[in-house]
Structure formats: structure tokens, C-alpha cells
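Note sheet for the following structure.
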Ligand SMILES: *Cc1c(COP(=O)(O)O)cnc(C)c1O
């Protein structure tokens with residue numbers, strides 16, 4: 001299997017899976033996609049439902065065909081998928097796909113841990129750079145924590161993350177180097193970009209941002225698992241439909257690819273916060289990215305979803321592809337968190353609340369809501385709404401008492417390069 005940039009005219013610059021992952025962005029500025037979508041046979045995956053490492057290595061096999069890592073795929077999946085992605089049914093309520101049982105209690109653990117397996121096996125003593133405004137940096141830091149030969153640099157805006165978010169960015173071992181930047185998230189991203197251009201060190205630099213295909217492919221695994229589990233539990237209900245909290249479209253793109261690869265997946269609904277670009281487009285307007293606005297579901301504060309380029313590459317008209325989108329305001333998020341507690345006795349986080357709200361607006365509880373984060377990560381929002389404490393899950397309790405360790409950096413690539421030189 002080869003991977004091609006969304007902007008390539010022909011196959012001359014096609015690359016292998018591990019090269020696509022190490023480069024992140026294609027040299028022409030496009031995003032890597034599989035040259036052809038493999039057609040999987042669901043009946044071969046069915047025996048592995050509930051066993052994510054086995055299901056993952058079967059599903060990802062054609063995507064890794066011909067790659068240097070092909071023979072290590074099973075081992076990599078065993079190391080990456082160390083937690084579950086259960087499909088639950090709320091009492092008197094809808095089905096929920098819970099993606100928050102990983103080390104940092106959000107779905108980004110799936111992508112980050114698989115990416116870490118690839119990078120640590122293919123690159124020679126890599127340095128991984130990630131700019132973060134929340135969940136991504138924590139998941140990447142946790143995934144590379146104590147991985148031999150790898151150093152990770154995590155940059156976050158000094159005043160742009162909550163206390164608990166900061167703890168998840170800074171509580172790791174000595175190979176994770178965390179920096180509070182005196183600037184915004186945009187400054188952090190700019191510093192990372194400039195550092196890449198200026199880097200002349202011995203060790204290879206690689207990025208772990210949300211457009212990396214190494215984060216998307218492993219996310220297909222939980223959609224495969226849940227759609228097959230759903231078909232088994234509800235044989236008359238037709239293919240599984242999902243409502244997906246969406247920001248950069250990475251999670252949803254994985255669901256779309258799983259559907260294209262032949263899994264029993266039906267219509268997909270993208271639930272966004274008040275950043276309305278997708279809702280406007282699927283409502284019939286021309287595609288028009290917007291500046292992002294801040295909301296309660298801050299991991300989805302995206303005005304210009306970076307994976308839209310993959311969506312438009314796959315479908316000439318995404319509106320004709322059993323896709324829809326719906327935007328949810330902060331007031332509706334708050335209301336939905338209260339309603340889930342009242343009606344089903346369940347505590348949900350602000351991101352997941354957008355999916356439940358979309359279901360409520362459509363008066364359709366036959367789809368599966370995707371739960372992208374554990375509510376304990378957003379306790380300052382959730383607890384006042386439901387009037388009680390959110391218990392910490394096992395994963396977050398395990399890191400709760402680790403000390404924070406981070407340095408402060410000015411918002412300049414020179415300062416970042418000086419810090420990088422110390423580990424080179
Ligand atoms: C990143 C994130 C999202 C958005 O996912 P995309 O792949 O960017 O669409 C939703 N919920 C949570 C909790 C996240 O961390």
C-alpha cells in the first residue's frame with residue numbers, strides 16, 4: 001500500500017506508510033491518503049470483536065502491506081491498544097461508544113499510542129514536537145513516556161490550559177520535555193513550524209499533529225469493533241450510525257474510511273460546537289472556513305478543520321455521501337449535560353454533549369453517540385451543572401499524584417531551538 005498527497009497529480013511522489021507517518025505533512029503541503037481504499041471482509045474481523053489488538057492488526061494489515069513495519073504490526077497493536085473501547089447502552093437511552101479509557105482519558109490516546117509505536121521503531125533517536133491547546137499534547141506525552149530513544153517536546157500556551165490539563169502535559173518522565181510558552185496556541189504552532197525549517201541537528205525531528213495519518217488509521221479500529229458489535233447486538237437495526245463530536249475531522253474521517261473499507265457503518269453525523277463551518281456547509285452553503293471561537297468543548301474549537309482536505313479529496317460532494325452536520329451552542333451543551341444526568345443518570349463531558357444534543361434535536365436515539373472524553377477532565381464545567389463531584393477514572397487517578405515538571409519559554413523559535421540543542 002502506498003500513500004499519496006491530496007494535492008498530487010500522479011503517483012510519482014507516493015510513499016510507504018512509515019514514511020507518510022514520519023513526514024506528517026506531504027512536501028507539497030497536502031495530506032497523505034491511501035492510494036486505494038482496501039476492501040475488508042467484515043466476516044474475517046468478526047471473530048476479533050472485543051479484542052482490539054487482534055482486530056487492529058487484522059484491519060490494519062492491508063494498510064501496512066509492503067511497509068518495513070508490516071511484520072511488527074501485531075506487536076505494535078499489542079503495545080498501542082492496551083485499553084478498551086466499549087459499546088455501552090444507557091439505561092432507557094441510546095448506545096454510546098466510550099473512547100476515554102486510555103491513559104489520558106480522551107480518544108486521542110488511540111492515535112497517539114499507535115503513532116508512537118511507528119515513530120519509535122522507524123526513526124533513529126527521534127525528537128517529537130507537538131504544540132497543544134489541550135488533549136493532544138497529553139496523549140502524545142503519555143504515549144512516548146519512557147519510550148526508549150525518543151524525546152518529546154510539548155509546547156502549550158502558558159495561560160491557555162486548565163490546571164488539570166497542565167498536569168497531564170507535565171507529569172511524565174525525563175524523556176518528555178514540557179514548556180509553557182509565553183504566548184498563544186498559534187504562537188506555539190508557529191514555533192514548531194519554524195523549528196522544523198531551521199533544524200540542523202543530528203537527531204531527526206518529527207511532528208505528532210492532528211493531520212498525521214498515523215493517528216487516523218488506528219482510529220478506524222474502534223469504529224470497526226463497535227459497528228460489528230452493534231450488528232451482533234441489534235441484528236434488525238441496519239448498519240451502525242454514529243454521531244461524532246467533531247473539530248479537526250480526524251475522528252470522523254476515520255469513521256468514513258472504516259465505512260469505505262466495507263464495515264457495516266451507515267449515516268454519520270458530525271456534531272460541532274458553535275464553530276459552524278461544517279454545519280453551514282452541510283446545510284447547503286459553500287464551504288467557508290471561519291476563525292475559531294472559544295467554547296465549552298474547547299478541543300473542538302476549530303474554524304477551519306484540517307482534515308476537510310481529505311474529505312473533499314474522497315468525495316466530490318460530501319453532502320451526497322450519507323453525512324450531515326449540526327452545531328451546538330454552549331447553552332445547549334450545558335443543558336444536555338444536565339439532561340443526561342437527569343434522564344439517564346449518566347455524567348457526560350462537554351464534547352460528548354454535542355453528540356447527545358444532536359440526537360435530541362433530530363429526535364433520533366437509534367444512532368450511537370461517540371463519547372470522546374471522560375467528564376472528569378472537564379470537572380470545572382460539569383460539576384456545577386450536576387451539583388456533585390465527578391469521580392476520577394482509574395487512568396487519571398494513576399497519574400494524579402505525579403509532580404509537574406516544566407520550563408517556561410518565550411514565544412520565539414530561537415528559544416525552542418536552544419532547548420532542542422540540549423538533547424541533540
Ligand atoms: C480532539 C477532540 C475532539 C475533536 O476531534 P477531531 O478529530 O479534531 O474532530 C473531540 N473531543 C475531544 C475530547 C477531543 O479531544
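For the stretch 1-124, the spread of Cα coordinates along the three principal axes comes to 54, 32, 28 Å, biggest extent given first.
Scaled to the globular estimate 2.2 N^0.38 Å, the Cα spread of the stretch 50-182, given as radius of gyration, is 1.16. Consider a paramagnetic label point 7 Å from the Cα of residue 389 along Cα→Cβ; state which residues of the stretch 347-365 have an amide N under 20 Å from it. Those under the cut-off are 347-349. Packing-based ranking of 372-378, 95-101, 47-53 yields 372-378, 95-101, 47-53, ordered from highest to lowest mean Cβ neighbour count within 10 Å.
When the chain is treated as a GNM with alpha-carbon contacts under 10 Å, the residue of 233, 116, 297 showing the greatest mean-square fluctuation is 233.
In this label model, residue 312 and residue 88 are separated by 3.9 nm, measuring between points 7 Å along each Cα→Cβ vector. The overall shape of the stretch 194-324, judged from the alpha-carbon gyration tensor, is oblate: a/c is not under 1.5, and a/b is no greater than b/c. Of 127, 213, 293, 337, the sequence from fewest to most neighbouring Cβ atoms within 10 angstrom is 293, 127, 213, 337.
A straight chain from residue 37 to residue 304 at 0.36 nm per residue would run longer than the Cα-Cα distance by 93.6 nm. Extension gain for residue 338 to residue 184 (0.36 nm times residue separation, less C-alpha to C-alpha distance): 52.2 nm.
Look at the Cα gyration tensor of the chain: its axes a ≥ b ≥ c give a/c under 1.5, and that counts as rounded.
Share of Cα-Cα pairs in the stretch 246-384 beyond 23 Å, in percent? Here the long-distance tail beyond 23 Å is 32 percent of all Cα pairs in the stretch 246-384.
In terms of the Cα gyration tensor, with a ≥ b ≥ c the square roots of its eigenvalues, is the stretch 364-424 rounded because a/c is under 1.5, prolate because a/b exceeds b/c, or oblate? Note, shape of the stretch 364-424 comes out prolate.
Between 318, 218, 305, the Gaussian network model of the chain with springs among Cα atoms under 10 angstrom shows the greatest mean-square fluctuation at 318.
With helices as the sole contributors, the chain gives -12000 deg cm²/dmol at 222 nm; each DSSP H run of n ≥ 4 counts as -39500 (n - 2.57), and the sum is divided by every residue. Comparing 144, 63, 196 in a Gaussian network model of the chain where C-alpha atoms under 10 Å apart are linked, the largest mean-square fluctuation is found at 196.
Values in this text are rule-based calculations from the coordinates and carry no lab data. In this text the structure is predicted, and so the values were computed from the model without any measurement. Note: ideal-geometry Cβ built from the backbone for every residue, glycine included; neighbour counts use all protein chains shown.
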